[in-house]
Amino acid sequence: MSGFSRRLRLLILVLSVALAVPVAAAPGDVVNRSAADLPPVAPEVAEAFIDALFSRWNGHNLGGLLAADFPDRQLLLDAFPNGVPADARLRVIDVSAVRTLSQARIEGGVESTVSAVVRAQLEYEDPRQGFQRHESVGEYTFRIVRRAPR
């Protein structure tokens, strides 16, 4: 495996691990912790988030999707463009095992922590070895905030 391929796999691993860190709401935002009556997040909503995440990754624009309190946010954003070929693309193959881990009513809506298993493929053209593809499976944990209609 080339040094480039190792760096690229490490970057994807860092991204996967970073996304697996759930981020809690600020203490003042929670209005009612009792959210037992809320329906779980629909798998289609989680799939749409994963699609948006991969689209942002492919466009080298993760910043708009990561919360301001995302752990090591700036470190991830600074490291991201280095060592990734311009033509590298992440493709979602499958999203499964979508689970709503927790939910809380917050002022103006509902915050949910969701987990999903994602099978993905990284594709790029290596100048020496030609077209490359690397498949991976990872569990992504993320926060979705749904605003209540006004």
ALA148 - would you say it is in contact (Cβ under 8 Å) with a residue 12 or more places away in the chain and farther than 23 Å from ASN61 by Cβ?
yes
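Which residues, taken from the range 52-65, are surrounded by 12 or more Cβ atoms within 10 Å (Cβ to Cβ) and in a loop (DSSP other than H, G, I, E, B)?
Narrowing the range 52-65 to residues surrounded by 12 or more Cβ atoms within 10 Å (Cβ to Cβ): 52-58, 60-63, 65.
Answer for the range 52-65, where residues must be surrounded by 12 or more Cβ atoms within 10 Å (Cβ to Cβ) and in a loop (DSSP other than H, G, I, E, B): HIS60, ASN61, LEU65.
Sort through LEU101, LEU77 and tell me the only one that's part of a helix (DSSP H, G or I), of a type outside the set (Gly, Ala, Ser) and either at pLDDT 90 or above or surrounded by 12 or more Cβ atoms within 10 Å (Cβ to Cβ) (or both). Break it down stepwise before answering.
Working: LEU101 fails: part of a helix (DSSP H, G or I).
On inspection, the qualifying residue turns out to be LEU77.
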Take ASP126 and tell me if it is within 16 Å of the chain's Cα centre (by Cα) and farther than 17 Å from ARG146 by Cβ.
no
I'd like the residue in the range 27-46 that is modelled with pLDDT of 90 or more and surrounded by 13 or more Cβ atoms within 10 Å (Cβ to Cβ) and, out of all such residues, is farthest from TYR124 (Cα to Cα).
PRO40
Looking at (1) among the aliphatic types (A, V, I, L, M); (2) surrounded by 15 or more Cβ atoms within 10 Å (Cβ to Cβ); (3) assigned to a loop (DSSP other than H, G, I, E, B), which is the one condition that is false for ALA68?
(2)
Quick check, is PHE49 in a helix (DSSP H, G or I) and surrounded by 12 or more Cβ atoms within 10 Å (Cβ to Cβ)?
yes
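The values are calculated or read from the model by the stated rules, or taken from the named source; none is laboratory data. Keep in mind it's a predicted model, so treat the numbers as computed, not measured. Please note: Cβ atoms are built from the backbone with ideal geometry, for glycine as well, and neighbour counts cover all protein chains shown.
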